[in-house]
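Data first, discussion second: the structure below is written as structure tokens.
The values are calculated or read from the model by the stated rules, or taken from the named source; none is laboratory data. This is a predicted model, so every value here is computed, not measured. Backbone-built Cβ (ideal geometry, glycine too); neighbour counts: all protein chains shown.
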Amino acid sequence: MHSNLSHTLNEGTTFTQELHAASMPYLDNESKTVQWLVSTLERWYSNQGWPKDINPVRIPQSFRNGLFRRQFETNGTKQTAKEEQKTIYDMITYLSGHSLPGIPQNAVPPKKKDEATKQYLWQHRLLLLFLKTQGSCTAFIRPEFLLPPDLYKVYAQMRDNALSPSLPADQKDTEFAHERTKPLHLSNEVFEAVSKKSWIDVLMQILKTLVLGRVTPRSYEQLGIPDRTQPMPDINTDPVSSNIYGISERILLTWLNYCYSNYRERVWAHREQSDMPSGRWIVNFDIDLVDSIVLATVLGAYCPFLV
């Protein structure tokens, strides 16, 4: 189906048709949900994703162009200083505790567009493979959609040349010769939407495996609790016990339920009984937390001086 659609992309193809051809559902980058998600990811990665200091990022620009170290100048009050641009691999090393295998730390991008395209693709494939070994779901993320726009056009042309029956074999790039499906020539607008969605998926998977993955049964057992007379409940570590949440997410939900059920009345004891937050069972991370009552109770349990 996808290969047939790739043949039909032309000037009359609609935005939605191109997205479906790229195996992407319709993505409205202007919707409040997408804007909120992008803003949240940008804020978290800017403040928490890098060693030593804050590194402001934008999705997808900062990550598409963040594969190689580049020096840039910063103007101070008295002098100009040279600084190095951080790379996505600095972020991966910081979050995972070890460097990405196979990626040289001080590599420079090739000057020729075709060589740069292959280099970027190779590094993106390594990144996706690394995330997969860490438990990420990356099979649906296509490395070519992580490219900068200019290199994506080069990639599509190189793929076309490799499949062209009119070109002699010695003029075809052997790296793409084994691929049989025609590439998608996406419009600039559609590519930006697809690329943004792809990088959102990558960053969400990084959070899931490299950050959320630190929450383990062992860390749960060692977690400090405000009142030792109220022991934490046991965790079912069977991976098939839930088809929605992984073990780390189930641990967090168990901890939230423990805090809310055991400390709700203590934290809000200064309120009238009629104003006391009602009991609830926390089963998700959006609707059940939207009013911040549960999070406030957790803060009050561990830091009672805040409430």
*Could you tell me which of the residues Ser241, Ser274, Ser248 is polar (S, T, N, Q) and surrounded by 13 or more Cβ atoms within 10 Å (Cβ to Cβ)?*
Ser248
*Of all residues in the stretch 281-291, how many are in a loop (DSSP other than H, G, I, E, B) and under 21 Å from Ser248 (Cα atoms)?*
7
_Looking only at the stretch 107-162, count every residue that is in contact with a Ser or Thr (Cβ under 6 Å, 6 or more places away or on another chain) and closer than 14 Å to Ile206 by Cβ and tell me the total._
8
*When only residues in the stretch 31-56 that are of a type in the set (A, V, I, L, M, F, W, C) and at pLDDT below 95 count, which is farthest from the chain's Cα centre (by Cα)?*
Ile54
*Is it the case that Asn243 is more than 30 Å from Leu146 (Cα to Cα), at pLDDT below 90 and under 29 Å from the mean Cα position of the chain (by Cα)?*
no
*asked:* Let me spell it out: the conditions are (1) touching a residue at least 60 places away in the same chain (Cβ under 8 Å); (2) buried (at least 16 other Cβ atoms within 10 Å of the Cβ), and Trp268 meets all of them except one. Which number is the exception?
replied: (1)
_Based on this model, can you work out whether His124 counts as surrounded by fewer than 13 Cβ atoms within 10 Å (Cβ to Cβ) and either at pLDDT below 90 or in a helix (DSSP H, G or I) (or both)?_
no
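Of the residues Ile244, Ile282, only one is β-branched (Val, Ile, Thr) and in contact with an Asp or Glu (Cβ under 7 Å, 6 or more places away or on another chain); which?
Step by step, each of Ile244, Ile282 is checked, and only Ile282 is β-branched (Val, Ile, Thr) and in contact with an Asp or Glu (Cβ under 7 Å, 6 or more places away or on another chain).
Among the candidates Ser96, Ser136, single out the residue that is closer than 18 Å to Tyr45 by Cβ, buried (at least 20 other Cβ atoms within 10 Å of the Cβ) and among the polar types (S, T, N, Q).
Ser136
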*Among the residues of the stretch 227-280, count how many are assigned to a helix (DSSP H, G or I) and aliphatic (A, V, I, L, M).*
7
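From the residues in the stretch 96-121 that are assigned to a helix (DSSP H, G or I) and without any contact (Cβ under 8 Å) to a residue 40 or more places away in the chain, which one is farthest from Ser248 (Cα to Cα)?
Of everything passing the filter in the stretch 96-121, Glu115 is farthest from Ser248 (Cα to Cα).
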*When you go through (1) at pLDDT 90 or above; (2) not assigned by TED's automatic domain parsing to the domain that holds Gly66 one by one for Ile225, which number turns out not to apply?*
(1)
